[in-house]
Structure formats: structure tokens, C-alpha cells
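The values are calculated or read from the model by the stated rules, or taken from the named source; none is laboratory data. Being a predicted model, the structure only gives us computed values, none of them experimental. For neighbour counting, all protein chains shown are included, and Cβ atoms are generated from backbone atoms with ideal geometry for every residue, glycine included.
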Amino acid sequence: MSLNEIEFEKPLYIQVHPDDNVAIIVNKDGLPEGTVFSNGLELRERVPQGHKVTLTDLDEGDAIIRYGQVIGYMKRPLKKGSWMNETIVVLPSAPELDELRAPEKAPQTLPLLEGYTFEGFRNSNGTAGIKNMLGISTSVQCVVGLVEYAVKKIKNELLPKYPHVDDVVDLNHNYGCGVAINSPDAIIPIRTLQNLAVHPSFGGEVMVVGLGCEKLVTERLVPDGDTSNIILLQDQKGFVNMVQTIVEMAEARLIRLNERQRVTCPVSDLVIGVQCGGSDAFSGVTANPAVGYASDLIVRAGGTVMFSEVTEIRDSVHLLMSRVADEKVGSDLVREMKWYDNYLLKGEVDRDANPTPGNKKGGLSNVVEKSLGSVAKSGNSPLVEVVPPGAKPTKKGLLFAATPAGDFVCGTLQLAAGMHLQVFTTGRGTPYGLAMAPVIKVSTRSALTAQWKDLIDVNAGTIATGEATIEEVGWEIFNLILEVASGRKQTFADKWGLHNDLCLFNPAPIT
């Protein structure tokens, strides 16, 4: 019997903060009524894994405390040892944005971490890639079917001739025409596509396929409007000629890409994205804190880490404000929160529309509890920049890239911001992956790792059972980041070719 199985035989719960009046059940199958813990706490009813048990008697209207913060108020009384599920929790108000203030004194930076490098592909503009790929952008959804046909032909017939090229990626989407192209919010999908086209793992090679009559003219997707990187299908003579033209343009770029070799690069060249999906109540106590520790290591080594998901940060924004580097970063953070508040208001929903049925089944009561667990991915480094959706960062260090919380939209926007590699935490499980960047999957629970042993890259569930510390798993994630970035190890998502479609964020009208 393994240590993990022995630990699960004992009744265990996790109380994150001494002030918490609820805790979550650790045991794999939950615990039955009558279970008695070592401190004498007795369960009045069965409590599923990850769900909350009351540590004191609570009356109607009492504050529910987890992470040392109020996550809600009691809808009705509960006795000590009771199961508290989402139906009992009243959502509290979000932090008032106009009352937030940047600290008078800039937060202290963490100690430098020296001596760490990775093997990457150096680009002529000074950036580096961790893959060596050809990216083929599209300006409009109309050309997607033909481009997919051409890319399949390129992969089957050309790619084997160029063994130093990792892949050919088509950047397909559902934008480009039938849209209000001059709407102020149209800048978000447009700059997203502009920045995706020049991703650092594409080696400076740009290639755009358009139709010829779309609203998003192809010249807007290439640096300096260089038409030598553009193919317009309406200028070609039939299907066969269209495909052949794309293949020939691709091969000219594959020849150049094939000459690239990995060289030693400093960690300061790395841009790491962190995200969570299929979250549960363990996310904020195992995987996310471990990722936060790894994030601090990347920042200490000179690299860049971006965390995102506005609705999953909104209720923790007061905690972030204490870490902003200056007043501008603080005002930028408030700006993005307000923009999203108004965006949700237009849709006649509030921030609590975020948690999914799976999140709640995993023990998360509302978006406040989810947010307090989500922010742990940011670690403890000072926040040096807030990046609007689809834009590129201008600084290194810890960044907040403002994105929706949906996995695929967030991933696409982080790629547009130059993300090389993503660390993705999950408690419920998801086979999510990105073609342009490796995705390291970190499980919050040992049970999920055992169930998905060929999909989960790092098991943070050992933190819950005391088999490992947050710091130990954080170092494991940090070292794996460098190994994957160097091409020495492969994530399961890349091994199986699990690559989700790009998903643009377009808040502008469709005409």
C-alpha cells in the first residue's frame, strides 16, 4: 500500500488560515457521517471530497471565512461538523474599485536567482522561441477550409524534408468579415491576430492567407504591410493553384527555419503563462500555490510570468493592489476590472456566472472562493504591468494579462502576448492543449493524477496529503518548465497532439 493510500485512510481536512471557520475534506471518496478527526471534530453528515465542513456553529448572516477572507454569508444556520455546499452561501459584494489605492511604498522584489538557462531558438529581433514552427495566419474565416487542406499537405509531403522544424500551425479563427471593423472594441481581436502572426516561436517568418474582399485587410496582419508575405485566394486560378501557391510559399520559409539551431538562452527570454481550468476546492491549496512558487522562481531568474482571467481575479483585486509596483500599474488594474464589470453588465450577468457545475461539484461555492484560490498562481512577486487583451507586454517580471476566464480565449490572448509555454492547473481534469505552446498540466488531486496518468504532467495532490511541500512541487514545475522549453522533455498534450482551436475575444458588434 502506498503512502498516499495510507494517508487517505485517515480522516483529513485542510484549514488554510487560522481564522477560517470552514475547511475542505481531503479524503478521496469523502467522509461519512460520524467520522471523528484527531482534534475531536465529528461530521454530522457525509461530506464529499473537496467540500467544506463547518469548524464552528454558524448562524444566519454570519461571515464564512476561507483563506482568511470572507467568501460569503450564511443563508441559514449550520452546526459545527456540517456540510456547507453552495446552496447555503450568499454572495458578498465585490471590492469597491474606486476605494483601492496603490501602496505608498513599492513592494520589495524577491532575491535574484542566478545560473538558470534554457536551450531556445534565437530570433533576429533579440527574442527567443522554444519551438521552431511555421505559422500560417488567416485574415478571415472564409479561407479556413482551404488553408487546413494545404497545411495537411505541407505536413505530409514537406515537413519530413525539414527535420529541424517542429510543426506547421495554421492560425484559424472565425473573425475577419461581417464584423464592425471600426468599432473601438474591434482592436482586441485585430491586435490579437497581429501579435499571433509574429509569435517568437515562428522565427520571424510571417505568412498570411486572405480571401481578398474581407473587412480585415491582410496588410494589417503583416509587419510594415509587407505584401510579399501575403496570398489572396481571389487572385489565384482555381483550387489546385491556390493550394500549390500556399505550399510553395511555405517551403521557402521551411528552408530557412530548418537552418535554425538551439542555443543557450537566459531565463529572461522566457514568457510563461499560468492558467487554471476545471478548478476545484483543492486548486487554491495545492496546484495554484505550487505554480505561484514556480512563478516567483521564473521572475527571480529574470523571466516573465503572466496570469490572467479577470473574473477570477476581480474578488481578489484588493490583495493584488498591495503588490503593484507603482500607481500606474494600480490604475491600469482598476481600469481593466471596470471594463469587465461593464462588459458583464451589458450581458445582464454578474461575476458569479463564472463558476461551472463542475467547479461546484469540486467544492467551490462561488466566484469569490474561486478567485481567492486562483490568485495564488501569481505567487508573491511585485506586479509590474497590466496588459490589455490582445496586446504585448513591455516589461519583464510578473504581469497581469487581462483576459476572460474561458480556457481557450485566455490561452489565445496569452499567446498573442508572446507566451512561450503555459502551466495549467486542473482539479476536475481537461485534455486542453495549444499547438503554438506546450501546456504543462498540474493536477490538484492525487486521485486525478492516478485516473489520468497519461495526461497529467505534475501531481500537486501530494501537498494535500503531506507527501510534498508547496516549495518542492514549485521547484518540480520550475525545472520542468526549463526542460520543456529546451526541447528535452515533452508534455502529454504535445505527445498526443491535443491542440484546441484558437478562440478570439471579440466584444465588438457583428454586423
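Check Glu476, Glu471 and return the single one that is of a type in the set (D, E, K, R) and surrounded by 15 or more Cβ atoms within 10 Å (Cβ to Cβ). Result of the check over Glu476, Glu471: Glu476. Checked across region 465-486, the condition of being modelled with pLDDT of 95 or more, touching a strand residue (DSSP E or B) at 6+ places or on another chain (Cβ under 7 Å), outside any helix (DSSP H, G or I) and not hydroxyl-bearing (Ser, Thr, Tyr) holds for no residue. Within region 480-499, is there a residue that is farther than 27 Å from Val267 by Cβ and surrounded by fewer than 18 Cβ atoms within 10 Å (Cβ to Cβ)? Checked against the condition, which is being farther than 27 Å from Val267 by Cβ and surrounded by fewer than 18 Cβ atoms within 10 Å (Cβ to Cβ), region 480-499 yields at least one hit. For region 8-19, check the following and say yes or no: at least one residue is modelled with pLDDT under 95 and not in a loop (DSSP other than H, G, I, E, B). Within region 8-19, one or more residues are modelled with pLDDT under 95 and not in a loop (DSSP other than H, G, I, E, B). The set of residues from region 437-479 being in contact with an Asp or Glu (Cβ under 7 Å, 6 or more places away or on another chain) and more than 21 Å from Ile14 (Cβ to Cβ) comprises Pro438, Ile440, Lys441.
Contact annotation: residue pairs with Cβ atoms under 8 Å, 6 or more positions apart or on different chains, pairing a residue in region 224-251 that is in the same structural domain as Ala197 (by TED's automatic domain parsing) and in contact (Cβ under 8 Å) with a residue 12 or more places away in the chain with a partner that is small (Gly, Ala, Ser) and part of a loop (DSSP other than H, G, I, E, B), are Leu232/Gly212; Leu233/Gly212; Gln234/Gly212; Asp235/Gly212. Looking across region 36-67 at every residue that is among the charged types (D, E, K, R), touching a Pro at 6+ places or on another chain (Cβ under 8 Å) and under 12 Å from Lys79 (Cβ atoms), the one that is surrounded by the most Cβ atoms within 10 Å (Cβ to Cβ) is identified as Asp57.
Kindly establish whether Val267 is surrounded by 24 or more Cβ atoms within 10 Å (Cβ to Cβ), of a type in the set (A, V, I, L, M) and not assigned by TED's automatic domain parsing to the domain that holds Lys392. Taking the combined requirement at face value, the residue satisfies it. Quick one: which of Glu104, Glu119, Glu96 is farther than 22 Å from Pro200 by Cβ and either assigned by TED's automatic domain parsing to the domain that holds Pro355 or at pLDDT 95 or above (or both)? Going through Glu104, Glu119, Glu96 in turn, just one is farther than 22 Å from Pro200 by Cβ and either assigned by TED's automatic domain parsing to the domain that holds Pro355 or at pLDDT 95 or above (or both): Glu96.
Listed by position, the helices (runs of 4 or more DSSP H) enclosed by region 270-388 that each have at least 2 residues that are β-branched (Val, Ile, Thr) and either buried (at least 24 other Cβ atoms within 10 Å of the Cβ) or in the same structural domain as Ile477 (by TED's automatic domain parsing) (or both) are 287-300, 327-346, 367-374. Among the numbered criteria (1) modelled with pLDDT of 95 or more; (2) surrounded by fewer than 18 Cβ atoms within 10 Å (Cβ to Cβ); (3) under 30 Å from Asp269 (Cβ atoms), which one does Thr192 miss? Every condition holds for Thr192 apart from (2). Scanning region 71-97 for residues that are out of contact with any helix residue (DSSP H, G or I) (no Cβ under 8 Å at 6 or more places or on another chain), outside any loop (DSSP other than H, G, I, E, B) and surrounded by fewer than 19 Cβ atoms within 10 Å (Cβ to Cβ) yields a count of 3. Evaluate region 439-450: report whether one residue or more is in contact with a helix residue (DSSP H, G or I) (Cβ under 9 Å, 6 or more places away or on another chain), within 22 Å of Gly358 (Cα to Cα) and assigned to a loop (DSSP other than H, G, I, E, B). Among the residues of region 439-450, at least one is in contact with a helix residue (DSSP H, G or I) (Cβ under 9 Å, 6 or more places away or on another chain), within 22 Å of Gly358 (Cα to Cα) and assigned to a loop (DSSP other than H, G, I, E, B), which makes the answer yes.
Within region 416-431, at least one residue is assigned to a helix (DSSP H, G or I) and either in contact with a Leu (Cβ under 6 Å, 6 or more places away or on another chain) or not assigned by TED's automatic domain parsing to the domain that holds Met133 (or both). Condition check: in the same structural domain as Met419 (by TED's automatic domain parsing), on the phi > 0 side of the Ramachandran plot and of a type outside the set (A, V, I, L, M). Does Gly466 satisfy that? Spelling it out, Gly466 is indeed in the same structural domain as Met419 (by TED's automatic domain parsing), on the phi > 0 side of the Ramachandran plot and of a type outside the set (A, V, I, L, M).
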